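Participant: Take this structure first; my questions come after.
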Amino acid sequence: MSFPLLAVGAVRDEAWWRQVAAFYPAPPGDLVNLEHGYFGAMAAPVQAAFEQAVRHTNEQLSPFVRGAFTQQHVDILRARIAALIQAQPHEILLTRSGTESMQVLITQYYGLAPGDTVLWSNLDYPAMRTAMRWLAQRRGVTSTQVTLDLPVSDDEIIARYAQAMRAASRPKLLLLSQVTPANGQQMPVRELTALAREHGIDVLLDSAHALGQVEVDVQAMDVDFAGFNLHKWIGAPAGLGFVYMRASQLHKIEPHFGDGDYPLDDIRCRLHMGMPPIGAILAAPAAMDFHESLGGTPAKMARLAWLRNYWVSRAAQLPGVRLLSPLDAQRGSALVGFAIDGMSARQLQQALLQRFGLFTVERNAGHIGVVRATVAITTTTGELDRLVAALAVLGAEAR
């Protein structure tokens, strides 16, 4: 596959992006999908690679899986992933999702004792908040929420976390989202990681919504542990994720249920997956190839930021509509949270779907109800015009 090189202004070149969209399946009917944050469609070359992988595995069975797949293909993917985030292949552990990746880090974090404090926020992913609360039952620690109201500035975020760290008794562990799932906010990761280090706190970074749409460099961010998936913004088949653990910090994560298949200094003993997602692993390099053919993360980031600003800049001016994400695309992402005065998140999500044919999603941010719209690189300006028009009607009706 080949594409013309991205040039200045290409983010606004709708003809070029229509060529890109032709590699993706057409949306069904008249429904506009603005919930691309759950998982992204595979491009045609990726789907073809996935289907071929399934056929090949089904034909070759155990001799292939116990042979070339385990001995070659898994390590090929680990090396590709490591290069993508500026890590080393031996620091990469394959998983089945971002959720499983973070659960490995949270539930197997070694050394917590009664009296320690673990910190997390209401903007973290709900399942991860649950896991952090579970540590109180399992390890006897104090599990403390950092409450962030929306919208929120970087200065306020840093101040709230700093206050929580100072107030905590024996703070030990911090869950941090690189991109928050409810409103797509890019958190000031490097600043918060540095602050945590001053207090002797380890950071577990949830990068599920980051990889492929914002820059991810574990060295630049100075993080020791992070969880990812490959089915959101990289475009690999669903059912594939990975964990990064800095080699010098590997001892802080326990082996999975005492796994002994690999030595303690091998990251692979941190998850006994059983049957791996073979087809997804085999097709993931094709997804990374396609991602790079579009210009990689910088090109996607620019396109998504332009599409986001196209509708957010107008929606922010609508009476009754409250934007719960940063207006600055450099602090936001493709995911945008919003609300309408006088409507619950569920009412708003259903109205957009049933009256205007716009599929969004209701997200839980603790005490804050949020509706989230997420663009993809193939989202059209016409679809976003429909969203803005619908919000104008609903905002006016709610007044």
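Participant: Just to be sure, is residue 156 more than 18 Å from residue 116 (Cα to Cα), modelled with pLDDT of 95 or more and loosely packed, with under 15 Cβ neighbours inside 10 Å?
Facilitator: Working: more than 18 Å from residue 116 (Cα to Cα): yes; modelled with pLDDT of 95 or more: yes; loosely packed, with under 15 Cβ neighbours inside 10 Å: yes.
When the stated conditions are applied, residue 156 passes them.
Participant: Restricting attention to segment 94-124, report how many residues are in a loop (DSSP other than H, G, I, E, B) and either closer than 20 Å to residue 196 by Cβ or without any contact (Cβ under 8 Å) to a residue 12 or more places away in the chain (or both).
Facilitator: Step one: filter segment 94-124 for residues in a loop (DSSP other than H, G, I, E, B), giving 96-97, 108, 110-116, 122-124.
Imposing the further condition that a residue be either closer than 20 Å to residue 196 by Cβ or without any contact (Cβ under 8 Å) to a residue 12 or more places away in the chain (or both) reduces the set to 108, 110-113, 115-116, 122-124.
Here the count works out to 10.
Participant: Let me ask something else. Read through the list (1) touching an Asp or Glu at 6+ places or on another chain (Cβ under 8 Å); (2) surrounded by fewer than 19 Cβ atoms within 10 Å (Cβ to Cβ), then give the number of the only condition that residue 124 fails.
Facilitator: It is condition (2) that residue 124 fails.
Participant: Something else about it: With the condition kept exactly as written, say whether any residue in segment 357-380 is assigned to a helix (DSSP H, G or I) and either in contact with a helix residue (DSSP H, G or I) (Cβ under 9 Å, 6 or more places away or on another chain) or surrounded by fewer than 17 Cβ atoms within 10 Å (Cβ to Cβ) (or both).
Facilitator: No.
Participant: Considering segment 324-352 alone, what residues qualify as being surrounded by fewer than 21 Cβ atoms within 10 Å (Cβ to Cβ) and either touching a Pro at 6+ places or on another chain (Cβ under 7 Å) or of a type in the set (S, T, N, Q) (or both)?
Facilitator: 330, 344, 347, 350 - these are the residues of segment 324-352 that are surrounded by fewer than 21 Cβ atoms within 10 Å (Cβ to Cβ) and either touching a Pro at 6+ places or on another chain (Cβ under 7 Å) or of a type in the set (S, T, N, Q) (or both).
Participant: Report whether or not residue 299 is small (Gly, Ala, Ser) and closer than 29 Å to residue 62 by Cβ.
Facilitator: Details: small (Gly, Ala, Ser): yes; closer than 29 Å to residue 62 by Cβ: no.
Criteria not met by residue 299.
Participant: Go through the residues of segment 357-377 one by one and say whether even a single one is of a type in the set (Ser, Thr, Tyr), under 19 Å from residue 24 (Cβ atoms) and not assigned by TED's automatic domain parsing to the domain that holds residue 127.
Facilitator: In the first step, residues of segment 357-377 are kept if they are of a type in the set (Ser, Thr, Tyr); the result is 360, 374.
Adding the requirement that they be under 19 Å from residue 24 (Cβ atoms) leaves 374.
From what's left, not assigned by TED's automatic domain parsing to the domain that holds residue 127: 374.
Yes - at least one qualifying residue is present in segment 357-377.
Participant: Cβ-Cβ distance below 6 Å, separation of 6 or more or different chains: which pairs start in segment 11-32 with a residue that is part of a helix (DSSP H, G or I) and end on one that is surrounded by 11 or more Cβ atoms within 10 Å (Cβ to Cβ) and of a type in the set (Lys, Arg)?
Facilitator: 11/303
Participant: Now for a separate question. Given the condition in a helix (DSSP H, G or I), surrounded by fewer than 21 Cβ atoms within 10 Å (Cβ to Cβ), touching a helix residue (DSSP H, G or I) at 6+ places or on another chain (Cβ under 6 Å) and not hydroxyl-bearing (Ser, Thr, Tyr), answer yes or no: does some residue in segment 290-298 qualify?
Facilitator: no
Participant: Follow-up question, since we're still on this one. Scan 348, 384 and give me the residue that is under 14 Å from residue 312 (Cα atoms), in the same structural domain as residue 310 (by TED's automatic domain parsing) and either within 20 Å of the chain's Cα centre (by Cα) or part of a helix (DSSP H, G or I) (or both).
Facilitator: Working: 348 fails: under 14 Å from residue 312 (Cα atoms).
Sole residue among the options that is under 14 Å from residue 312 (Cα atoms), in the same structural domain as residue 310 (by TED's automatic domain parsing) and either within 20 Å of the chain's Cα centre (by Cα) or part of a helix (DSSP H, G or I) (or both): 384.
Participant: Residue 133 passes all but one of (1) in a helix (DSSP H, G or I); (2) in contact with a Phe, Trp or Tyr (Cβ under 9 Å, 6 or more places away or on another chain); (3) within 13 Å of residue 244 (Cα to Cα); (4) not polar (S, T, N, Q); which number fails?
Facilitator: (3)
Participant: Picking from 55, 12, 66, which residue would you name as being among the basic types (Lys, Arg) and within 24 Å of residue 295 (Cα to Cα)?
Facilitator: On the way: 55 fails: within 24 Å of residue 295 (Cα to Cα); 66 fails: within 24 Å of residue 295 (Cα to Cα).
Residue meeting the stated conditions: 12.
Participant: To continue, here is another question. Only one residue in 220, 208 is among the small types (Gly, Ala, Ser), crowded, with 18+ Cβ neighbours inside 10 Å, in contact (Cβ under 8 Å) with a residue 40 or more places away in the chain and not assigned by TED's automatic domain parsing to the domain that holds residue 330, so which one is that? First the steps, then the outcome.
Facilitator: On the way: 220 fails: crowded, with 18+ Cβ neighbours inside 10 Å.
Residue meeting the stated conditions: 208.
Participant: What pairs come out if I take residues in segment 188-199 that are polar (S, T, N, Q) and pair them with residues that are in a helix (DSSP H, G or I) whose C-beta lies under 9 Å away, six or more apart or interchain?
Facilitator: What qualifies is 193/221.
The values are calculated or read from the model by the stated rules, or taken from the named source; none is laboratory data. Here the structure is a predicted model, which is why all the values come from computation and not from measurement. So basically every Cβ, Gly included, is an ideal-geometry build from the backbone, and we count neighbours across all protein chains shown.
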